[in-house]
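Below: one structure, written as structure tokens.
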Amino acid sequence: MLIDDGEMQKLISAAVAARRQSYSPYSGYAVGAAVLASDGAIYAGCNVENAAYPLSFCAEANAIGNMIMGGGDGIVHVVVTGPNADICTPCGGCRQQIREFANAKNTPVTICDADGVIVLKTDIGALLPHSFGPENLNNAKSAK
Ligand code: THU
């Protein structure tokens, strides 16, 4: 689903603001993410690291957690913002998490720099082709 420029700017601003909240003292790599949900609301998240490194959470995962907690039930568009010098595409785990809740096979994923300038427009189908999702589990019990 395409969204208008005003909605896009709100989504980008939410991701940029989320990035400013990043707790990333170990990597120094601050990430912000925002999802527009099918209820029309925007949910944001930042990465939250931990001294026990594997316990860190990605920005996208936290945005999705906020969406679920807030009652949103599907992702219409995702924006991710990373450091200026880099195109911060979602990591593999985050692609799978986005895929779980994406409203469509080609739900847009827009990557911005730290200032909110768009550096890449892609979609979850391109980021995670031939993906495994909830539909794969349909009728799984009868197929043995
Ligand atoms: N990170 C994210 O928040 N999202 C991604 O998709 C890529 C990586 C975070 C995790 C870690 O806190 C830091 O960036 C460096 O990997």
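Restricting segment 82-126 to residues that are near the ligand (Cβ under 10 Å from one of its atoms) and of a type in the set (S, T, N, Q) leaves a set whose member that is nearest to ARG20 (Cα to Cα) is THR89. Scanning segment 16-27 for residues that are outside any loop (DSSP other than H, G, I, E, B) and within 11 Å of the ligand (Cβ to nearest atom) returns ALA18, ARG19, TYR23.
Residues that are touching a strand residue (DSSP E or B) at 6+ places or on another chain (Cβ under 8 Å), closer than 20 Å to GLY65 by Cα, surrounded by 14 or more Cβ atoms within 10 Å (Cβ to Cβ) and small (Gly, Ala, Ser) occur at least once in segment 102-116.
Conditions: (1) touching a helix residue (DSSP H, G or I) at 6+ places or on another chain (Cβ under 7 Å); (2) loosely packed, with under 15 Cβ neighbours inside 10 Å; (3) of a type in the set (Asp, Glu). ASP86 meets all but one. Number of the miss? Looking at each condition in turn, ASP86 falls short on (1).
For segment 33-51, the condition holds for no residue, the condition being that it is over 15 Å from the mean Cα position of the chain (by Cα), aromatic (Phe, Trp, Tyr) and at pLDDT 95 or above. Restricted to strands (runs of 3 or more DSSP E) entirely inside segment 28-144, those with at least 1 residues that are touching a residue at least 12 places away in the same chain (Cβ under 8 Å) and touching a Lys or Arg at 6+ places or on another chain (Cβ under 7 Å) are 32-37, 42-46, 75-81, 108-112. Inspect segment 62-72 for any residue being under 11 Å from the mean Cα position of the chain (by Cα), within 20 Å of THR107 (Cβ to Cβ), exposed (fewer than 15 other Cβ atoms within 10 Å of the Cβ) and modelled with pLDDT of 95 or more and give the result as yes or no. Looking through segment 62-72, at least one residue is under 11 Å from the mean Cα position of the chain (by Cα), within 20 Å of THR107 (Cβ to Cβ), exposed (fewer than 15 other Cβ atoms within 10 Å of the Cβ) and modelled with pLDDT of 95 or more.
The values are calculated or read from the model by the stated rules, or taken from the named source; none is laboratory data. Since the model is a prediction, treat every value here as computed from it, not as a measurement. Counting neighbours? That spans all protein chains shown, and the Cβs are built from the backbone with ideal geometry, glycine included.
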